[in-house]
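Trainee: First the structure, then my questions, so here it is.
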Amino acid sequence: MTTFLVGLTLGLMAYVFFRVILTAFYIIPPDQRAVITTFGRAERLSEEFVEPLDDPNLSEDEKKRYTYPKVRVVGPGGPYFKMPWQQVHKVSVATRSVDLVWDPTKKQETIEAVTKDNLTTGVNGQIRYKVSENNLYAFLFGVSSPLEHIMGYFVSVLRERIATFSDPKGASFLAKPSAGDDDAPTSIDLSEGVSINDLRKNLPLLNSYMEEQCRCTPGRYGVELDAALITSIDPPPEVDRALSAINSTRNQVAADLSTAQADAEQQITMSKRAVDIASNNAQAEVAPLRELARTLTQIKHEGGSGAVRAYIRDLKVPLLSRAVSVVQTREEK
């Protein structure tokens, strides 16, 4: 009986040593934060609640629902001490990335989304996120799987945006031009009407929209969306081939149009230069005649007709020296 009691005591002391004393100390790595719970209740800084980020898409009822208490966050360092009835909940606050197709309930290679023209496309990409240090209660205790909620919310917003997306530049093309607008788009510009092409050309705009719509996630789930990167939007193979043919034809038409415009501008420029050259030549030929007319007019005005005849006679002297034969007529008196 004594041996049993001694063994029981030693076993109890060993259990207390390993279960209570050794596990009572813990450390927090630099990229992690921790929240301590006592009998399952998180340690609060106060009974005040954290208001979620202002989101115009949230109703007043949702704003009241997404309110969480402020908890005491344990920063990096240690060793820290906790009581046996306390539990440490560690979470990484480093920025991480996850594929858009990630889903713990099923395996998928792409996200299906329907465009404005009822075309089923496959979307792939990534999102970068990190846990919000200011709202760890929502991440740890608000929902059972916050990342799954984030991905579901992101995919639903993405599908809604793809279903209603239209190229802003293409929409401006459809506006009726004014009567005196010389810069009105030509008919070749109005070909931007296929939504899959609009999406592919405006991926940065789509990514910016997704980031803007997900600004409310820190208040809802305690996760901050750092960046959204939609890398590809692919239609079915047969549709992709048809779109490739359409794009090739469109690019060829655009290239021919640009070539024709360049040729026309070159011809216009050459014509302008030819007109300028002919005008300069004509002015060069007329200038001596005009100068001679002004000289004769001035001589006649100052010396009369005799001075003009004398001037003309003097001008003929160089010609007479080079002439082979001279025919003299009788001057009329």
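The values are calculated or read from the model by the stated rules, or taken from the named source; none is laboratory data. Just so we're clear, the structure is a prediction, and the values are computed from it rather than from any experiment. Cβ sites come from the backbone with ideal geometry, for glycine too, and all protein chains shown count toward neighbours. Accessible surface areas use protein heavy atoms only, side chains included; no ligands, DNA or RNA. Shrake-Rupley method; radii C 1.70, N 1.55, O 1.52, S 1.80 Å.
Trainee: If you take the beta carbon distance between Phe81 and Ala14 as r and set R0 to 22 Å, what does 1/(1 + (r/R0)^6) give as a FRET efficiency, to the nearest 0.05?
Mentor: 0.60
Trainee: Got a number for carbon plus sulfur as a percent of region 269-316's accessible area, 1.4 Å probe? Intermediate values should be presented prior to the final figure.
Mentor: Values: 2340 of 4070 Å².
The computed percentage sits at 58.
Trainee: Another question about this same structure. In whole Hz, with x marking every Gly and Pro, tabulate ³J(HN,Hα) for region 25-38 from phi via Karplus 6.51 cos²θ - 1.76 cosθ + 1.60, θ = phi - 60°.
Mentor: In residue order, the calculated couplings are 9, 8, 10, 10, x, x, 9, 10, 10, 9, 10, 9, 10, 10 Hz.
Trainee: What whole-number value in Å² describes the accessible area per residue of region 1-41 for a 1.4 Å probe?
Mentor: Details: 3080 Å² over 41 residues.
Ligands and nucleic acids excluded, the result is 75 Å² per residue.
Trainee: To the nearest 0.05, what FRET efficiency results for Lys107 and Leu5 with a Förster distance of 56 Å applied to their C-beta separation?
Mentor: With a Förster radius of 56 Å, E is 0.45.
Trainee: Please give the peptides 288-297, 213-222 ranked by average Cβ packing (other Cβ atoms within 10 Å per residue), highest first, as a rough proxy for protection.
Mentor: 213-222, 288-297
Trainee: Please pull out the direction-averaged projected area of region 72-121, using the convex hull of its alpha-carbon atoms, in nm² to one decimal place.
Mentor: 7.4 nm²
Trainee: In nanometres, what is the gap between the two model label sites at Ala260 and Asn134, each 7 Å from Cα along Cα-to-Cβ?
Mentor: With each label placed 7 Å out from Cα toward Cβ, I get 5.9 nm.
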